[in-house]
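Comments concern the structure below.
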Amino acid sequence: MLPYSKLLLTHDNVVAAGVKEPCQESLDSAPADTTAREQRYMSGQYFFEYLVVVSLKKSKEGAYEPQITYQFPKRDGMVRFQREEEEKTLKAITLFCFPEGISWAPLTEYHSETFSFVLTEIDGSRRNGYCRRLLPHGNGARPPEAFCIISRLACFGLFSKIFDEVEKRHQISMAMIYPFMQSLREAAFPAPGNTVKIKSFIPDKGTEIISLTRPLDSWLEHVDFRTLFRCLTNEEVVLVFAAAVMERRIVFIAVELSTLSQVIHAVAALLYPFTWQHTFISIVPEILIDVVMAPTPYLLGVQKRLMEQVTDQTDVSSPTPISLGHPDHEPPGPCVCVCTLSPSAVEELNRVVSEAFLPFFVKTVGHFALYVTRNSSGQPGVFQSRAFYKAIKSKTTRHFVKKFLQTQMFDLFIQEVEQQPASPQQGIFHKKIVEYQEQKRKEKAKRH
């Protein structure tokens, strides 16, 4: 296995997520059969699994503790182990909605913020938690509360808009939330680039039609690169990318929960078409802070108020660059980058960023399909790793690829390729590979 360095990134700025403008009857036909609905949910096609409200309640000792005060839908008829699993899930939700623990006091002002986290199952599957924290309506000082949606679908922008609708109904009555979420739960989740429309009735406003549209590039729909490039310079982004590609241990530190979740999901998206396979906690609850001591790779987001605990346990040293061109170079300790906010007005940043990073994988490992041998009996293919990296002419690139082959993200990727039929691959990564290979053929023809 590779030796692991640790990259620690801090951000001193406060970035608040604002509340947007502005769903109960779906305009799409809902499945009538209960079994079909459950099968559709298990395949990840429902919008969400839970909507819960987490409130801070004062205990007998006087401290505020997060508790679930509203849950939709309620699960009935579960057997014992299902109830136990649900209890574990709900407990985890309260921790991630209020990772600060019990250190709360009533407030008169609180900026609404939206962030996300990931719940990882024993089998490695992941569920996404989307959370909006805000100050509940009322008079005088009061603690904030959190609305949280749990879904197997990764689409941060879409769920932010859903939160706008939930929040708007909450201002009227909690009873207004139920019919809206019921209709949303029954609506078909749209394919990339498509829209689902929900009818919504609001007293004094009448019926509205809410359109929920998925981005065309579905692999980027959970990310917004603006926060990443506001927090880090271009050089620092490349440094983080290099560390993530080689599966190092990376800790991000920021004041705002929204900053942490947006940045860590953006970094994970830079790895496309590969997927981070190790510990991934976009916001580490204070009670779980010891996870920074783990010897295995991780992507962690930690609030700045816990930075002292992180640095005490990790022995942070002075900044040291990590060069992707020299993957064996190990810094003497974690790398610390204290970053300031710089303006970044980019309308098509997601497209620009993807076009900047995706070609790296296209050019270094895009020839993988040529080295998967298959027989005529329909058995899974076999990847010829040695021949694969030996075919690379550049010594530096070959050295990197030889190390990259040892990562879990590449191992899982190539296992999936081996299991797939030999038919042409689909997706933007494979499209870019074809374009690059065609370009190389044309350049070679010109030289001759």
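The values are calculated or read from the model by the stated rules, or taken from the named source; none is laboratory data. Keep in mind the model is a prediction, meaning the values are calculated, not measured. Note that we place each Cβ from the backbone using ideal geometry, even for glycine, and neighbour counts take in every protein chain shown. In case anyone asks, the SASA skips ligands and DNA or RNA and just uses the protein heavy atoms, side chains included. Shrake-Rupley method; radii C 1.70, N 1.55, O 1.52, S 1.80 Å.
A few comments on the model shown:
- The length gained on full extension between residue 356 and residue 382, counted as 0.36 nm times the residue separation minus their Cα-Cα distance, comes to 6.3 nm.
- Flagged links, alpha-carbon separation over 25 Å, of 402/446; 91/197; 57/161; 363/390; 74/199: 402/446; 91/197; 57/161
- Coordinate range of the alpha-carbon atoms in the stretch 376-428 per principal axis, descending: 36, 21, 21 Å.
- Percent accessible area from carbon and sulfur atoms, the stretch 46-187, protein chains only, probe 1.4 Å: 52
- Residues 224, 290, 76, 164 ordered from highest to lowest accessible area at a 1.4 Å probe: 76, 290, 224, 164.
- In terms of its C-alpha gyration tensor, the stretch 63-102 comes out prolate, because a/c is 1.5 or above and the ratio a/b outweighs b/c.
- Ranking 388, 409, 399 by Cα position along the charge dipole of the stretch 356-415, where only Lys, Arg, Asp and Glu carry charges on their C-beta atoms, puts 399 farthest toward the positive end.
- When only alpha carbons are used to place a centre, the stretch 351-426 and the stretch 202-264 end up 27 Å from one another.
- Relative contact order %, the stretch 349-446, counting alpha carbon pairs below 8 Å whose residues are six or more apart: 31
- Viscosity 1.567 mPa s, 4 °C: Kirkwood-radius Stokes-Einstein D of the stretch 46-187 over Cα pairs, µm²/s: 81
- Difference of contour (0.36 nm per residue) and Cα-Cα distance, residue 287 to residue 57: 81.0 nm
- Take the Cβ atoms of residue 233 and residue 308, set R0 to 22 Å, and the FRET efficiency comes out at 0.30.
- Protection proxy ranking, peptides 138-146, 292-300, average beta carbon neighbours within 10 Å, highest first: 292-300, 138-146
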